[in-house]
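The values are calculated or read from the model by the stated rules, or taken from the named source; none is laboratory data. Here the structure is a predicted model, which is why all the values come from computation and not from measurement. Counting neighbours? That spans all protein chains shown, and the Cβs are built from the backbone with ideal geometry, glycine included.
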Amino acid sequence: RAKSLGGGQHHLFNDQLAAEHHQKVQTEKDLTDAVQRGEFLLVYQPQLSLVTGEMPCAEALLRWNHPTDGLRMPHSFIPIAERTGLIADIGDWVVAEVASTMGSWLREGISRRISFNVSPRQLERFDFFDRLRQLFAEQQVPLSLIELEFTESAAMEASDAVIGEIAALRRDGATICIDDFGTGYSNLARLRSMPLDRVKLDQTLIADIETCDRARVIVQAVIHLIRGVGSQVVAESVETIPQAELLRAMGCDIVQGYVFSKAMVEDEFLDWTANAERGRRSVA
Ligand code: C2E
Ligand code: MG
Ligand code: MG
Ligand code: MG
(Lines give C-alpha, C1' and ligand atoms only; values in the text may rest on other atoms or scores of the structure.)
(Ligands and ions follow the chains in the order given, each with its own letter.)
Protein backbone atom coordinates (compact mmCIF):
# COMPACT_ATOMS: atom_id res chain seq x y z
CA ARG A 1 0.00 0.00 0.00
CA ALA A 2 2.78 2.41 0.91
CA LYS A 3 4.39 1.79 -2.50
CA SER A 4 1.27 2.80 -4.40
CA LEU A 5 1.39 6.20 -2.69
CA GLY A 6 4.45 7.03 -4.75
CA GLY A 7 7.90 7.95 -3.55
CA GLY A 8 7.21 11.49 -2.30
CA GLN A 9 4.22 10.57 -0.17
CA HIS A 10 5.99 7.49 1.07
CA HIS A 11 8.70 9.70 2.51
CA LEU A 12 6.15 12.07 3.98
CA PHE A 13 4.41 9.13 5.63
CA ASN A 14 7.66 7.85 7.11
CA ASP A 15 8.68 11.33 8.23
CA GLN A 16 5.41 11.73 10.08
CA LEU A 17 5.75 8.35 11.78
CA ALA A 18 9.32 9.17 12.71
CA ALA A 19 8.24 12.52 14.15
CA GLU A 20 5.49 10.87 16.19
CA HIS A 21 7.89 8.26 17.45
CA HIS A 22 10.42 10.91 18.36
CA GLN A 23 7.73 12.85 20.23
CA LYS A 24 6.80 9.74 22.23
CA VAL A 25 10.39 8.96 23.13
CA GLN A 26 10.95 12.57 24.15
CA THR A 27 7.78 12.59 26.28
CA GLU A 28 8.89 9.40 27.98
CA LYS A 29 12.27 10.93 28.76
CA ASP A 30 10.75 14.18 30.03
CA LEU A 31 8.24 12.28 32.17
CA THR A 32 10.94 10.32 33.98
CA ASP A 33 11.91 13.10 36.35
CA ALA A 34 8.91 15.40 35.99
CA VAL A 35 7.71 14.40 39.48
CA GLN A 36 11.07 15.29 41.06
CA ARG A 37 11.12 18.57 39.17
CA GLY A 38 7.69 19.46 40.51
CA GLU A 39 6.12 19.89 37.08
CA PHE A 40 2.68 18.43 37.83
CA LEU A 41 -0.34 20.22 39.16
CA LEU A 42 -3.94 19.36 39.87
CA VAL A 43 -7.03 21.16 38.64
CA TYR A 44 -10.49 20.61 40.11
CA GLN A 45 -13.80 20.12 38.32
CA PRO A 46 -17.01 20.39 40.38
CA GLN A 47 -19.89 17.97 40.13
CA LEU A 48 -23.51 19.03 40.52
CA SER A 49 -26.21 16.95 42.18
CA LEU A 50 -29.35 17.06 40.02
CA VAL A 51 -31.30 16.12 43.15
CA THR A 52 -30.08 18.62 45.77
CA GLY A 53 -28.38 21.26 43.61
CA GLU A 54 -25.30 20.94 45.79
CA MET A 55 -21.73 20.07 44.89
CA PRO A 56 -21.26 16.53 46.21
CA CYS A 57 -17.66 16.31 45.06
CA ALA A 58 -15.03 17.70 42.70
CA GLU A 59 -12.64 15.64 40.58
CA ALA A 60 -8.89 16.31 40.76
CA LEU A 61 -7.39 16.14 37.25
CA LEU A 62 -3.73 16.05 36.37
CA ARG A 63 -1.91 18.72 34.33
CA TRP A 64 1.75 18.80 33.32
CA ASN A 65 3.59 22.08 33.25
CA HIS A 66 6.17 21.05 30.67
CA PRO A 67 9.38 23.15 30.70
CA THR A 68 9.26 23.90 26.96
CA ASP A 69 5.81 22.81 25.68
CA GLY A 70 3.79 24.61 28.34
CA LEU A 71 0.68 23.11 29.89
CA ARG A 72 0.06 19.57 28.67
CA MET A 73 -3.21 17.65 28.93
CA PRO A 74 -3.42 14.04 30.13
CA HIS A 75 -4.13 12.54 26.68
CA SER A 76 -0.65 13.63 25.56
CA PHE A 77 1.21 11.83 28.35
CA ILE A 78 -0.98 9.50 30.46
CA PRO A 79 -1.05 6.69 27.87
CA ILE A 80 2.77 6.83 27.70
CA ALA A 81 3.01 6.92 31.48
CA GLU A 82 0.67 3.91 31.67
CA ARG A 83 2.65 1.93 29.13
CA THR A 84 6.02 2.59 30.76
CA GLY A 85 4.77 2.21 34.33
CA LEU A 86 5.77 5.79 35.17
CA ILE A 87 2.12 6.36 36.08
CA ALA A 88 2.72 4.56 39.39
CA ASP A 89 5.05 7.32 40.62
CA ILE A 90 2.91 10.05 39.09
CA GLY A 91 -0.17 8.52 40.70
CA ASP A 92 1.63 8.44 44.06
CA TRP A 93 2.29 12.13 43.65
CA VAL A 94 -1.42 12.71 42.91
CA VAL A 95 -2.50 10.92 46.11
CA ALA A 96 0.04 12.84 48.22
CA GLU A 97 -0.94 16.15 46.62
CA VAL A 98 -4.66 15.56 47.16
CA ALA A 99 -3.99 14.62 50.80
CA SER A 100 -1.84 17.67 51.56
CA THR A 101 -4.15 20.06 49.69
CA MET A 102 -7.24 18.76 51.50
CA GLY A 103 -5.31 18.88 54.77
CA SER A 104 -4.49 22.56 54.35
CA TRP A 105 -8.09 23.33 53.31
CA LEU A 106 -9.38 21.62 56.45
CA ARG A 107 -6.99 23.62 58.63
CA GLU A 108 -8.55 26.74 57.09
CA GLY A 109 -12.02 25.38 57.82
CA ILE A 110 -12.78 24.39 54.23
CA SER A 111 -14.32 20.97 53.83
CA ARG A 112 -14.64 19.66 50.26
CA ARG A 113 -15.04 16.14 48.95
CA ILE A 114 -12.45 15.33 46.28
CA SER A 115 -12.24 12.42 43.87
CA PHE A 116 -9.11 11.33 42.08
CA ASN A 117 -8.17 8.80 39.41
CA VAL A 118 -6.28 5.64 40.28
CA SER A 119 -4.42 3.77 37.56
CA PRO A 120 -4.35 -0.05 37.49
CA ARG A 121 -0.55 0.19 37.62
CA GLN A 122 -0.80 1.81 41.05
CA LEU A 123 -2.77 -1.17 42.32
CA GLU A 124 0.11 -3.46 41.37
CA ARG A 125 2.12 -1.98 44.24
CA PHE A 126 1.22 -4.13 47.21
CA ASP A 127 1.43 -1.25 49.71
CA PHE A 128 -0.68 1.22 47.72
CA PHE A 129 -3.62 1.15 50.14
CA ASP A 130 -1.48 1.34 53.31
CA ARG A 131 0.42 4.34 51.96
CA LEU A 132 -2.80 6.03 50.87
CA ARG A 133 -4.33 5.57 54.32
CA GLN A 134 -1.18 6.89 55.95
CA LEU A 135 -1.05 10.01 53.75
CA PHE A 136 -4.62 11.02 54.57
CA ALA A 137 -4.20 10.13 58.25
CA GLU A 138 -1.07 12.32 58.50
CA GLN A 139 -3.08 15.25 57.14
CA GLN A 140 -6.04 14.38 59.37
CA VAL A 141 -8.30 14.12 56.34
CA PRO A 142 -11.16 11.68 57.04
CA LEU A 143 -11.60 9.00 54.38
CA SER A 144 -15.25 10.06 54.16
CA LEU A 145 -14.03 13.12 52.24
CA ILE A 146 -12.30 11.18 49.48
CA GLU A 147 -13.51 9.32 46.44
CA LEU A 148 -11.41 6.92 44.35
CA GLU A 149 -12.09 6.48 40.64
CA PHE A 150 -11.10 3.22 39.01
CA THR A 151 -11.69 2.58 35.34
CA GLU A 152 -14.12 -0.14 34.38
CA SER A 153 -11.33 -2.37 33.08
CA ALA A 154 -9.18 -1.84 36.20
CA ALA A 155 -12.15 -2.77 38.38
CA MET A 156 -12.89 -5.87 36.34
CA GLU A 157 -9.27 -7.03 36.34
CA ALA A 158 -8.54 -6.32 40.01
CA SER A 159 -7.45 -9.31 42.09
CA ASP A 160 -9.53 -10.51 45.03
CA ALA A 161 -6.90 -9.03 47.35
CA VAL A 162 -7.28 -5.60 45.74
CA ILE A 163 -11.08 -5.85 45.83
CA GLY A 164 -10.74 -6.68 49.54
CA GLU A 165 -8.64 -3.53 50.12
CA ILE A 166 -11.16 -1.41 48.19
CA ALA A 167 -14.00 -2.87 50.25
CA ALA A 168 -12.12 -2.09 53.49
CA LEU A 169 -11.47 1.48 52.38
CA ARG A 170 -15.17 1.83 51.59
CA ARG A 171 -16.15 0.46 55.01
CA ASP A 172 -13.90 3.14 56.49
CA GLY A 173 -15.83 5.84 54.68
CA ALA A 174 -14.23 6.36 51.25
CA THR A 175 -16.50 6.58 48.22
CA ILE A 176 -15.76 4.14 45.41
CA CYS A 177 -16.49 5.05 41.82
CA ILE A 178 -16.15 3.20 38.52
CA ASP A 179 -14.96 5.63 35.84
CA ASP A 180 -15.51 5.65 32.07
CA PHE A 181 -18.28 3.07 32.34
CA GLY A 182 -19.42 1.84 28.96
CA THR A 183 -16.04 1.93 27.23
CA GLY A 184 -14.51 -1.25 28.64
CA TYR A 185 -16.19 -4.55 29.16
CA SER A 186 -18.16 -5.31 32.27
CA ASN A 187 -18.65 -8.65 33.84
CA LEU A 188 -22.13 -8.13 35.24
CA ALA A 189 -21.69 -10.83 37.89
CA ARG A 190 -18.55 -9.01 39.03
CA LEU A 191 -20.33 -5.67 38.97
CA ARG A 192 -22.96 -7.13 41.28
CA SER A 193 -20.39 -7.99 43.93
CA MET A 194 -18.12 -4.92 43.57
CA PRO A 195 -17.79 -2.64 46.59
CA LEU A 196 -19.25 0.37 44.84
CA ASP A 197 -21.03 3.67 45.44
CA ARG A 198 -21.04 5.37 42.08
CA VAL A 199 -20.68 4.67 38.41
CA LYS A 200 -19.57 7.34 35.94
CA LEU A 201 -20.99 7.09 32.45
CA ASP A 202 -18.35 7.79 29.83
CA GLN A 203 -18.66 10.80 27.58
CA THR A 204 -19.07 8.62 24.50
CA LEU A 205 -22.38 7.41 25.97
CA ILE A 206 -23.54 10.94 26.73
CA ALA A 207 -22.38 12.81 23.63
CA ASP A 208 -25.41 12.33 21.36
CA ILE A 209 -28.31 11.58 23.69
CA GLU A 210 -30.13 14.67 22.43
CA THR A 211 -30.08 13.63 18.81
CA CYS A 212 -29.91 9.85 18.79
CA ASP A 213 -32.78 7.63 19.98
CA ARG A 214 -30.58 4.59 20.32
CA ALA A 215 -28.05 6.51 22.44
CA ARG A 216 -30.89 7.53 24.75
CA VAL A 217 -32.25 3.99 25.03
CA ILE A 218 -28.82 2.69 25.96
CA VAL A 219 -28.18 5.40 28.57
CA GLN A 220 -31.61 4.81 30.10
CA ALA A 221 -30.98 1.07 30.35
CA VAL A 222 -27.53 1.58 31.86
CA ILE A 223 -28.95 4.03 34.43
CA HIS A 224 -31.59 1.45 35.42
CA LEU A 225 -28.90 -1.19 35.77
CA ILE A 226 -26.64 0.97 37.93
CA ARG A 227 -29.42 2.22 40.18
CA GLY A 228 -30.80 -1.29 40.35
CA VAL A 229 -27.60 -2.49 42.01
CA GLY A 230 -27.88 0.41 44.46
CA SER A 231 -25.26 2.78 43.04
CA GLN A 232 -25.46 6.43 42.11
CA VAL A 233 -25.08 7.47 38.50
CA VAL A 234 -22.67 10.25 37.52
CA ALA A 235 -22.63 11.56 33.94
CA GLU A 236 -19.37 13.12 32.77
CA SER A 237 -18.70 15.59 29.98
CA VAL A 238 -22.20 16.99 30.10
CA GLU A 239 -21.99 20.05 27.89
CA THR A 240 -25.52 21.40 27.46
CA ILE A 241 -28.55 22.15 29.62
CA PRO A 242 -30.84 19.93 27.48
CA GLN A 243 -28.40 17.06 28.07
CA ALA A 244 -28.51 17.65 31.82
CA GLU A 245 -32.32 17.83 31.76
CA LEU A 246 -32.60 14.61 29.79
CA LEU A 247 -30.22 12.91 32.21
CA ARG A 248 -32.20 14.11 35.19
CA ALA A 249 -35.41 12.80 33.64
CA MET A 250 -33.71 9.45 33.08
CA GLY A 251 -32.72 9.17 36.76
CA CYS A 252 -29.10 10.29 36.67
CA ASP A 253 -28.06 11.64 40.08
CA ILE A 254 -24.99 13.78 39.39
CA VAL A 255 -23.46 15.62 36.43
CA GLN A 256 -19.95 16.86 35.73
CA GLY A 257 -19.08 18.87 32.64
CA TYR A 258 -18.66 22.20 30.92
CA VAL A 259 -22.39 22.90 31.31
CA PHE A 260 -21.59 23.46 34.96
CA SER A 261 -17.88 24.30 35.07
CA LYS A 262 -14.49 23.48 33.60
CA ALA A 263 -11.66 22.20 35.78
CA MET A 264 -10.00 25.05 37.69
CA VAL A 265 -6.69 25.66 39.44
CA GLU A 266 -6.90 25.54 43.23
CA ASP A 267 -7.49 29.24 44.00
CA GLU A 268 -10.05 29.62 41.24
CA PHE A 269 -11.80 26.48 42.46
CA LEU A 270 -11.99 27.73 46.05
CA ASP A 271 -13.42 31.10 44.91
CA TRP A 272 -15.88 29.34 42.64
CA THR A 273 -17.17 27.03 45.38
CA ALA A 274 -17.41 29.87 47.90
CA ASN A 275 -19.48 31.88 45.39
CA ALA A 276 -21.69 28.92 44.57
CA GLU A 277 -22.37 28.42 48.27
CA ARG A 278 -23.26 32.10 48.79
CA GLY A 279 -25.55 31.86 45.74
CA ARG A 280 -27.36 28.87 47.21
CA ARG A 281 -27.81 30.55 50.58
CA SER A 282 -29.31 33.67 49.02
CA VAL A 283 -31.75 31.59 46.95
CA ALA A 284 -32.82 29.54 49.97
P1 C2E B 1 -11.65 11.16 33.21
O2 C2E B 1 -11.21 10.71 34.55
O3 C2E B 1 -12.79 10.47 32.58
O4 C2E B 1 -11.89 12.72 33.36
C5 C2E B 1 -12.85 13.44 32.63
C6 C2E B 1 -12.25 14.20 31.48
O7 C2E B 1 -13.29 14.88 30.76
C8 C2E B 1 -11.29 15.30 31.92
O9 C2E B 1 -10.30 15.41 30.91
C10 C2E B 1 -12.18 16.53 31.90
O11 C2E B 1 -11.45 17.75 31.78
C12 C2E B 1 -12.98 16.26 30.65
N13 C2E B 1 -14.24 16.99 30.64
C14 C2E B 1 -14.96 17.42 31.69
N15 C2E B 1 -16.09 18.03 31.30
C16 C2E B 1 -16.13 17.98 29.96
C17 C2E B 1 -17.08 18.43 28.97
O18 C2E B 1 -18.12 18.98 29.26
N19 C2E B 1 -16.77 18.15 27.68
C20 C2E B 1 -15.62 17.51 27.31
N21 C2E B 1 -15.43 17.30 26.02
N22 C2E B 1 -14.71 17.07 28.22
C23 C2E B 1 -14.95 17.30 29.53
P24 C2E B 1 -8.77 15.54 31.24
O25 C2E B 1 -8.56 16.40 32.45
O26 C2E B 1 -8.09 15.89 29.97
O27 C2E B 1 -8.38 14.06 31.66
C28 C2E B 1 -8.47 13.02 30.74
C29 C2E B 1 -8.26 11.69 31.37
O30 C2E B 1 -6.94 11.54 31.86
C31 C2E B 1 -9.14 11.44 32.58
O32 C2E B 1 -10.42 11.08 32.16
C33 C2E B 1 -8.39 10.30 33.25
O34 C2E B 1 -8.67 9.08 32.61
C35 C2E B 1 -6.96 10.69 32.97
N36 C2E B 1 -6.43 11.37 34.16
C37 C2E B 1 -6.52 12.67 34.54
N38 C2E B 1 -5.90 12.89 35.71
C39 C2E B 1 -5.42 11.68 36.11
C40 C2E B 1 -4.69 11.22 37.26
O41 C2E B 1 -4.39 11.97 38.21
N42 C2E B 1 -4.35 9.88 37.30
C43 C2E B 1 -4.69 9.03 36.29
N44 C2E B 1 -4.32 7.73 36.40
N45 C2E B 1 -5.40 9.40 35.23
C46 C2E B 1 -5.76 10.72 35.13
MG1 MG C 1 -12.06 10.32 36.31
MG1 MG D 1 -14.35 9.49 33.42
MG1 MG E 1 -13.58 9.74 30.43
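Numbers at a glance
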{"read-out": "Test for Ala158: is it touching a Leu at 6+ places or on another chain (Cβ under 7 Å) and at pLDDT below 95", "value": "yes"}
{"read-out": "Scope the stretch 157-179; condition more than 16 Å from ligand 3 (Cβ to nearest atom) and in contact with a Ser or Thr (Cβ under 6 Å, 6 or more places away or on another chain); matching residues", "value": "Gly173"}
{"read-out": "Hits in the stretch 7-58 (condition: more than 30 Å from Asp271 (Cα to Cα), buried (at least 16 other Cβ atoms within 10 Å of the Cβ) and of a type in the set (A, V, I, L, M, F, W, C))", "value": "Leu31"}
{"read-out": "Count of the stretch 154-192 residues which are surrounded by fewer than 16 Cβ atoms within 10 Å (Cβ to Cβ), part of a loop (DSSP other than H, G, I, E, B) and either aliphatic (A, V, I, L, M) or more than 15 Å from the chain's Cα centre (by Cα) (or both)", "value": "5"}
{"read-out": "Filtered residues of the stretch 197-241 (kept if hydrophobic (A, V, I, L, M, F, W, C), within 16 Å of ligand 2 (Cβ to nearest atom) and in contact with a helix residue (DSSP H, G or I) (Cβ under 7 Å, 6 or more places away or on another chain))", "value": "Val199, Leu201, Leu205, Ile206, Val233, Ala235, Val238"}
{"read-out": "One residue from Val234, Val199, Val219, Val255 being within 16 Å of ligand 4 (Cβ to nearest atom), more than 26 Å from Val43 (Cα to Cα) and buried (at least 17 other Cβ atoms within 10 Å of the Cβ)", "value": "Val219"}
{"read-out": "Test: Thr204 is in contact (Cβ under 8 Å) with a residue 12 or more places away in the chain, more than 22 Å from Asp160 (Cβ to Cβ) and not small (Gly, Ala, Ser)", "value": "yes"}
{"read-out": "Arg125 vs. criteria among the charged types (D, E, K, R) and part of a loop (DSSP other than H, G, I, E, B)", "value": "yes"}
{"read-out": "Qualifying positions in the stretch 160-184 - within 16 Å of ligand 4 (Cβ to nearest atom) and either farther than 23 Å from Pro56 by Cα or not aromatic (Phe, Trp, Tyr) (or both)", "value": "Cys177, Ile178, Asp179, Asp180, Gly182, Thr183, Gly184"}
{"read-out": "Looking only at the stretch 36-63, and only at residues there that are without any contact (Cβ under 8 Å) to a residue 60 or more places away in the chain and closer than 23 Å to Trp105 by Cα, the one that is nearest to ligand 1 (Cβ to nearest atom)", "value": "Leu62"}
{"read-out": "Scan of the stretch 25-70 for residues that are touching a His at 6+ places or on another chain (Cβ under 9 Å) and at positive phi, ordered by number", "value": "none"}
{"read-out": "Some residue of the stretch 59-66 being of a type in the set (Gly, Ala, Ser) and surrounded by 19 or more Cβ atoms within 10 Å (Cβ to Cβ)", "value": "yes"}
{"read-out": "Conditions (1) out of contact with any strand residue (DSSP E or B) (no Cβ under 8 Å at 6 or more places or on another chain); (2) over 16 Å from Glu152 (Cα atoms): number failed by Val229", "value": "(2)"}
{"read-out": "Scope the stretch 139-153; condition without any contact (Cβ under 8 Å) to a residue 40 or more places away in the chain and either within 16 Å of ligand 4 (Cβ to nearest atom) or in contact with a helix residue (DSSP H, G or I) (Cβ under 7 Å, 6 or more places away or on another chain) (or both); matching residues", "value": "Gln140, Leu143, Leu148, Phe150, Thr151, Glu152, Ser153"}
{"read-out": "Residue in the stretch 127-146 that is within 26 Å of Gln203 (Cα to Cα) and surrounded by 15 or more Cβ atoms within 10 Å (Cβ to Cβ) present", "value": "yes"}
{"read-out": "Listing of strands (runs of 3 or more DSSP E) fully contained in the stretch 1-120 that carry 1 or more residues being closer than 29 Å to Leu169 by Cα", "value": "40-46, 58-66, 114-118"}
{"read-out": "Filter pass, Thr204 being farther than 21 Å from Ala99 by Cα, among the polar types (S, T, N, Q) and within 16 Å of ligand 4 (Cβ to nearest atom)", "value": "yes"}
{"read-out": "Thr183, sole failed condition from (1) in contact (Cβ under 8 Å) with a residue 60 or more places away in the chain; (2) within 16 Å of ligand 2 (Cβ to nearest atom)", "value": "(1)"}
